[in-house]
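Participant: This is the structure I have questions about; it appears just below.
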Amino acid sequence: MPLVSMRQLLDEAAKGGYGVGAFNVNNMEQIQAIMMAAKETKSPVIVQASRGARKFAEDLYLFKLIQAAAELNPEIPIAMHQDHGNSFETCESAIALGYTSVMMDGSLKADGKTPATFEENVAITKQVVDYAHERGVTVEGEIGVLGGVEDGHGAGGSGLDHITDPDQAVEFAERTGVDALAIAIGTSHGAYKFTSKPDGSVLKMDVLIKIHKYLPNTHLVMHGSSSVPKELQDIINQYGGKLNPTWGVPVEEIQLGIKNGVRKINVDTDNRLAITVFVETPEKFDPRDYMKPAREAMAKVVAQRMTQFGQASHAGDYKPVSIEEIAKGYKNGSLVTKPLVSK
Ligand SMILES: [Zn+2]
């Protein structure tokens, strides 16, 4: 199956009332782990690469690996997504490679650190939407600023510093025409999200519910949504790792989000923890000896998330629409998101 439009994948998720995990990749083993899990659970899936990943793996290596994944798994709809694009050029180069979706994170300036103004965010995001939609490519925007830093990208601070304003979210969606919108409701990037066990109300659900009510057709995205399971932290520390105790977003909170319009859930840290390599047999030095169990450990975590988010068993629900057809849909208005219901 060729790579599919993320818009189609998320529209289907909205119809089915489930969420889709978006998993970050940097190398072959991570891609294989995700595909092992998608195959086992029969899940449509979003694979995403940050700017750092594209630099680390080199664009062509990474993209050819994704194409291989699509060819080897014709029964699985896969969308390939640029995570946290910082500029028009980053998004343009991803589209040129064949990515079917891009995130233009205009909440920050091009340095990926300084918060941008609302008007700057609207302008750059709209520019990317116009360019991408003409080519059938999906666009995710961001309004509000997420906490933490990942891959050198992020404003830092706590997830509660810049919570999304629902009225601004509406204006942003109307003026840019984004397909998906990342909102800040208290999550943050990286492994250190909360310093004590969250009490079950860590996310600003009231904000999420309001935004979904105003923007029923814009797919909401949760970033920084790893759960950072204690078992994985313990295993890493058992083998000489030095992780300080930390807590992630409880899966039940994410599931509550999914009930209220969240369709894309970004997970990176959990998979990083799972694929961390342990030297159990120091006398061995073949990469296969340690990459195989690491890959299996990651596949297990991904499969678990796929089941928890509800995407499992939905891979065969629909036929992929070609990117050319999607482009026509944007042009003739059938795919244009009509954001506003009465406020
Ligand atoms: Zn993110």
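Participant: Any idea which of (1) within 16 Å of the ligand (Cβ to nearest atom); (2) in contact with a helix residue (DSSP H, G or I) (Cβ under 6 Å, 6 or more places away or on another chain) is the one Tyr192 doesn't satisfy?
Facilitator: With respect to (1) within 16 Å of the ligand (Cβ to nearest atom); (2) in contact with a helix residue (DSSP H, G or I) (Cβ under 6 Å, 6 or more places away or on another chain), Tyr192 is out only on (2).
Participant: Take the residues in the range 225-245 that are in a helix (DSSP H, G or I) and among the hydrophobic types (A, V, I, L, M, F, W, C), then tell me which one is nearest to the chain's Cα centre (by Cα).
Facilitator: Selected residue: Leu232.
Participant: Next question. Which condition does Asp317 not pass, out of (1) of a type outside the set (Lys, Arg); (2) more than 16 Å from the ligand (Cβ to nearest atom); (3) within 30 Å of Gly177 (Cα to Cα); (4) touching a strand residue (DSSP E or B) at 6+ places or on another chain (Cβ under 9 Å), if it passes all the others?
Facilitator: Result: Asp317 passes all but (4).
Participant: Could you grab me the full set of residues in the range 284-306 that are of a type outside the set (D, E, K, R) and surrounded by 15 or more Cβ atoms within 10 Å (Cβ to Cβ)?
Facilitator: Start the filter on the range 284-306 by keeping residues that are of a type outside the set (D, E, K, R), which leaves 285, 287, 290-291, 293-294, 297-299, 301-304, 306.
Selection gives Tyr290, Met291, Ala294, Ala297, Met298, Ala299, Val301, Val302, Ala303, Gln304, Met306.
Participant: If Thr164 satisfies every condition in (1) in a helix (DSSP H, G or I); (2) in contact with a helix residue (DSSP H, G or I) (Cβ under 7 Å, 6 or more places away or on another chain); (3) within 16 Å of the ligand (Cβ to nearest atom) but one, which is the exception?
Facilitator: (1)
Participant: Sticking with this one: With respect to Val221, is the statement that it is under 19 Å from the mean Cα position of the chain (by Cα), in a loop (DSSP other than H, G, I, E, B), β-branched (Val, Ile, Thr) and closer than 19 Å to Gly141 by Cα true? Let's see the steps before the verdict.
Facilitator: Working: under 19 Å from the mean Cα position of the chain (by Cα): yes; in a loop (DSSP other than H, G, I, E, B): no; β-branched (Val, Ile, Thr): yes; closer than 19 Å to Gly141 by Cα: yes.
Answer is no for this residue.
Participant: Sticking with this one: Restricting the search to the range 260-282, which residues are within 15 Å of the ligand (Cβ to nearest atom) and out of contact with any helix residue (DSSP H, G or I) (no Cβ under 8 Å at 6 or more places or on another chain)?
Facilitator: Result: Asn266, Asp268, Thr269, Arg272.
Participant: Can you tell me which condition Gly329 does not meet? The list is (1) farther than 27 Å from His189 by Cβ; (2) outside any helix (DSSP H, G or I), and all the others hold.
Facilitator: Of everything listed in (1) farther than 27 Å from His189 by Cβ; (2) outside any helix (DSSP H, G or I), Gly329 misses just condition (2).
Participant: Residues of the range 26-59 being outside any helix (DSSP H, G or I) and closer than 20 Å to Arg7 by Cα, which ones? Give the steps one after another, and end with the answer.
Facilitator: Within the range 26-59, the first condition is being outside any helix (DSSP H, G or I), and the residues that meet it are 26-27, 42-50, 58.
Selection gives Lys42, Ser43, Pro44, Val45, Ile46, Val47, Gln48, Ala49, Ser50.
Participant: Follow-up question, since we're still on this one. Condition test on Lys284, is it in contact with a Phe, Trp or Tyr (Cβ under 7 Å, 6 or more places away or on another chain) and modelled with pLDDT under 95? If you could, list the steps in order and put the result at the bottom.
Facilitator: Details: in contact with a Phe, Trp or Tyr (Cβ under 7 Å, 6 or more places away or on another chain): no; modelled with pLDDT under 95: yes.
So Lys284 does not fit the description; no.
Participant: I would also like to ask the following. Condition first: out of contact with any strand residue (DSSP E or B) (no Cβ under 7 Å at 6 or more places or on another chain), under 22 Å from Asp167 (Cα atoms) and either surrounded by 24 or more Cβ atoms within 10 Å (Cβ to Cβ) or touching a residue at least 12 places away in the same chain (Cβ under 8 Å) (or both). Now tell me which residues in the range 110-120 satisfy that. Lay out the reasoning, then the answer.
Facilitator: Of all residues in the range 110-120, those out of contact with any strand residue (DSSP E or B) (no Cβ under 7 Å at 6 or more places or on another chain) come to 110-111, 113, 117-120.
Checking the rest, the ones that are also under 22 Å from Asp167 (Cα atoms) come to 117-120.
Passing the criteria: Phe118, Glu120.
Participant: Looking at Lys230, Lys264, which one is exposed (fewer than 14 other Cβ atoms within 10 Å of the Cβ) and not hydroxyl-bearing (Ser, Thr, Tyr)? Can you show your working first?
Facilitator: Values: Lys264 fails: exposed (fewer than 14 other Cβ atoms within 10 Å of the Cβ).
Within the list Lys230, Lys264, the selection yields Lys230.
Participant: Hey, among Ala173, Ala169, which residue is of a type in the set (A, V, I, L, M), within 23 Å of Thr100 (Cα to Cα) and away from the ligand (no atom under 14 Å from the Cβ)? Break it down into steps so the answer makes sense when it comes.
Facilitator: Details: Ala169 fails: within 23 Å of Thr100 (Cα to Cα).
From the options Ala173, Ala169, the qualifying one is Ala173.
Participant: Still on this structure, I have one more. What's the number of the condition Thr307 fails, among (1) outside any helix (DSSP H, G or I); (2) out of contact with any strand residue (DSSP E or B) (no Cβ under 9 Å at 6 or more places or on another chain)?
Facilitator: (1)
The values are calculated or read from the model by the stated rules, or taken from the named source; none is laboratory data. This one's a predicted model, so the numbers in the text were calculated from it and none came from an experiment. Reconstructed Cβ throughout: ideal geometry from the backbone, glycine too, with neighbour counts over all protein chains shown.
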